[in-house]
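Q: One structure is given below, represented as structure tokens, and several questions about it will come after.
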Amino acid sequence: MRCGSARTAGPPAPHAHSTGAYSPGAPRGSRLAAPILRAFDRRRLALLRAAGVAPPARLLDAGAGRGRFVNAASAAGYEATGIEPDPARAAAARAAGAAVQAAAIEGAAVPAGALDAVTLWHVLEHVDDPAAALARVGGWLRPGGVLLVGCPNLGSVQARLGGARWFHLDLPRHRTHFTVTGLRTLLEREAFDVLSVHHVLLEHNPYGMWQSLVSRVTRRPSYLYNLLQRNAPLRSLDLPVTLAALPLAPVAALLELLAGLAGRGGTVAVLARRR
């Protein structure tokens, strides 16, 4: 434990970020979920606007995946691009119309001071050296540029209740987990001033609480998530167990709302400004 962070033991598994839940193919039910996903993207853009980053600002989404947020930002009037370390997902993003290059943070060709904003949405926990990643991203931003970081909260109620079966633990792909204090400390060390921290987030938190509780009670992995990501079979004994646990969803959502209001949300969004 260092600065309110916990480090994953051992080296990363080969191909951990290009198979299963991280494969380039669209998840099951993605068309049905599209309106919800667009609402999540609007929320991220609203956070940026609240920090003074409005169109046509130059925005880069690091870890852009299949390019959904890049396309949403472009449609909202931003000059939006992305980088994605997995070539197959970067190709899928470009096929969907997003300006995404296949590159990791440490190798991306981004001119110094070229950007008004960078988003690291559930990316920082995946890198082996978060401090080096933040230093490099900070160099891409103009002075006063804004960074939006989303990541799991190791100090959350959800993490405490989930324990080793916490949905957002996601070992071995997640390399470092942060408390809010640890993330603040890291950002400040890398020449960022924290503007705001947001704990009440619909994009990950209610589902994360429900899945963590289900996994804790049933002692089964995150079956529904893996099913949607085409990483688990439809014909499985896990399916009836998951369906039986659906009535817990409103309870989990209420519990997560209370946790978020108390400053202990399962994931957090942090806005910071480059000095």
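Q: Checking LEU148 against (1) over 23 Å from SER30 (Cβ atoms); (2) surrounded by 21 or more Cβ atoms within 10 Å (Cβ to Cβ); (3) out of contact with any Ser or Thr (no Cβ under 8 Å at 6 or more places or on another chain), which single condition isn't satisfied?
A: (3)
Q: Now a separate question. Can you list residue pairs whose Cβ atoms sit under 8 Å apart, with the first residue in segment 220-245 being within 23 Å of GLY163 (Cα to Cα) and among the small types (Gly, Ala, Ser) and the second being exposed (fewer than 14 other Cβ atoms within 10 Å of the Cβ) and modelled with pLDDT under 70? Count only pairs 6 or more apart in sequence or on different chains.
A: none
Q: Please identify the pairs in which a residue from segment 62-84 that is in contact (Cβ under 8 Å) with a residue 40 or more places away in the chain has its Cβ atom under 8 Å from the Cβ atom of a residue that is aromatic (Phe, Trp, Tyr) and not in a loop (DSSP other than H, G, I, E, B), counting only partners at least 6 apart or on another chain.
A: Once the first residue is in contact (Cβ under 8 Å) with a residue 40 or more places away in the chain and sits in segment 62-84, its partners that are aromatic (Phe, Trp, Tyr) and not in a loop (DSSP other than H, G, I, E, B) give GLY63/TRP121; PHE69/TRP121.
Residues checked against (1) among the acidic types (Asp, Glu); (2) surrounded by fewer than 23 Cβ atoms within 10 Å (Cβ to Cβ); (3) in contact with an Asp or Glu (Cβ under 7 Å, 6 or more places away or on another chain):
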site: PHE69; (1), (2), (3): no, no, yes
site: ALA72; (1), (2), (3): no, yes, yes
site: ALA76; (1), (2), (3): no, yes, no
site: ALA95; (1), (2), (3): no, yes, no
site: ALA99; (1), (2), (3): no, yes, no
site: ALA104; (1), (2), (3): no, yes, no
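Q: Now, a different point. Hey, LEU239 hits all of (1) closer than 30 Å to ARG136 by Cβ; (2) among the hydrophobic types (A, V, I, L, M, F, W, C); (3) part of a helix (DSSP H, G or I) but one; which does it fall short on?
A: Among (1) closer than 30 Å to ARG136 by Cβ; (2) among the hydrophobic types (A, V, I, L, M, F, W, C); (3) part of a helix (DSSP H, G or I), LEU239 violates only (1).
Q: Looking at LEU257, LEU271, LEU224, LEU202, which is the one that is in a loop (DSSP other than H, G, I, E, B) and in contact with a helix residue (DSSP H, G or I) (Cβ under 8 Å, 6 or more places away or on another chain)? Quick ask: steps written out before the conclusion?
A: Details: LEU257 fails: in a loop (DSSP other than H, G, I, E, B); LEU271 fails: in a loop (DSSP other than H, G, I, E, B); LEU224 fails: in a loop (DSSP other than H, G, I, E, B).
Step by step, each of LEU257, LEU271, LEU224, LEU202 is checked, and only LEU202 is in a loop (DSSP other than H, G, I, E, B) and in contact with a helix residue (DSSP H, G or I) (Cβ under 8 Å, 6 or more places away or on another chain).
Q: Scan (1) in a helix (DSSP H, G or I); (2) farther than 22 Å from PRO111 by Cα for the single condition GLY97 breaks and write down its number.
A: For GLY97, the exception is condition (1).
Q: Looking at segment 245-275, which of its residues are of a type outside the set (A, V, I, L, M) and either crowded, with 16+ Cβ neighbours inside 10 Å or in contact with a His (Cβ under 6 Å, 6 or more places away or on another chain) (or both)? If you could, list the steps in order and put the result at the bottom.
A: Within segment 245-275, the first condition is being of a type outside the set (A, V, I, L, M), and the residues that meet it are 247, 250, 256, 260, 263-267, 273-275.
Result: GLU256, GLY260, GLY263, ARG264, GLY265, GLY266, THR267, ARG273, ARG274.
Q: Moving to a separate point now. HIS168 - would you say it is buried (at least 22 other Cβ atoms within 10 Å of the Cβ) and assigned to a loop (DSSP other than H, G, I, E, B)? So that I can check it myself, show each step before the final result.
A: On the way: buried (at least 22 other Cβ atoms within 10 Å of the Cβ): yes; assigned to a loop (DSSP other than H, G, I, E, B): yes.
Against the criterion (buried (at least 22 other Cβ atoms within 10 Å of the Cβ) and assigned to a loop (DSSP other than H, G, I, E, B)), HIS168 qualifies.
Q: Still on this structure: Going by the conditions given, is VAL214 touching a Ser or Thr at 6+ places or on another chain (Cβ under 9 Å) and without any contact (Cβ under 8 Å) to a residue 40 or more places away in the chain?
A: On the way: touching a Ser or Thr at 6+ places or on another chain (Cβ under 9 Å): yes; without any contact (Cβ under 8 Å) to a residue 40 or more places away in the chain: yes.
Against the criterion (touching a Ser or Thr at 6+ places or on another chain (Cβ under 9 Å) and without any contact (Cβ under 8 Å) to a residue 40 or more places away in the chain), VAL214 qualifies.
Q: Okay, moving on. Note down all Cβ pairs under 7 Å where the first residue falls in segment 174-189 and is touching a residue at least 24 places away in the same chain (Cβ under 8 Å), the second is part of a loop (DSSP other than H, G, I, E, B) and aliphatic (A, V, I, L, M), and they're at least six residues apart or on different chains.
A: From residues that are touching a residue at least 24 places away in the same chain (Cβ under 8 Å), the pairs are ARG175/VAL127; HIS177/LEU154; PHE178/LEU154; THR179/LEU154.
Q: Could I ask something else about it? Quick one: is ASP116 closer than 16 Å to ALA54 by Cα, touching a residue at least 40 places away in the same chain (Cβ under 8 Å) and either of a type in the set (D, E, K, R) or surrounded by fewer than 22 Cβ atoms within 10 Å (Cβ to Cβ) (or both)? Steps first, answer last, please.
A: Working: closer than 16 Å to ALA54 by Cα: yes; touching a residue at least 40 places away in the same chain (Cβ under 8 Å): yes; either of a type in the set (D, E, K, R) or surrounded by fewer than 22 Cβ atoms within 10 Å (Cβ to Cβ) (or both): yes.
Spelling it out, ASP116 is indeed closer than 16 Å to ALA54 by Cα, touching a residue at least 40 places away in the same chain (Cβ under 8 Å) and either of a type in the set (D, E, K, R) or surrounded by fewer than 22 Cβ atoms within 10 Å (Cβ to Cβ) (or both).
Q: Tell me which of these PRO56 doesn't satisfy, since it passes every other one: (1) in a loop (DSSP other than H, G, I, E, B); (2) free of Cβ contacts under 8 Å to residues at least 24 places away in the same chain; (3) buried (at least 22 other Cβ atoms within 10 Å of the Cβ).
A: The single condition PRO56 does not satisfy is (3).
Q: Please work out which one of (1) in contact (Cβ under 8 Å) with a residue 24 or more places away in the chain; (2) under 19 Å from the mean Cα position of the chain (by Cα) is the condition TRP140 fails and give its number.
A: (2)
Q: Consider ASP61 carefully, then state whether it is among the charged types (D, E, K, R), within 19 Å of the chain's Cα centre (by Cα), under 30 Å from ASN231 (Cα atoms) and not in a helix (DSSP H, G or I). Write out each step before concluding.
A: Working: among the charged types (D, E, K, R): yes; within 19 Å of the chain's Cα centre (by Cα): yes; under 30 Å from ASN231 (Cα atoms): yes; not in a helix (DSSP H, G or I): yes.
In short, yes.
The values are calculated or read from the model by the stated rules, or taken from the named source; none is laboratory data. Computed from a predicted structure; not experimentally measured. Glycine also receives a Cβ, built like all others from the backbone with ideal geometry; neighbour counts cover every protein chain displayed.
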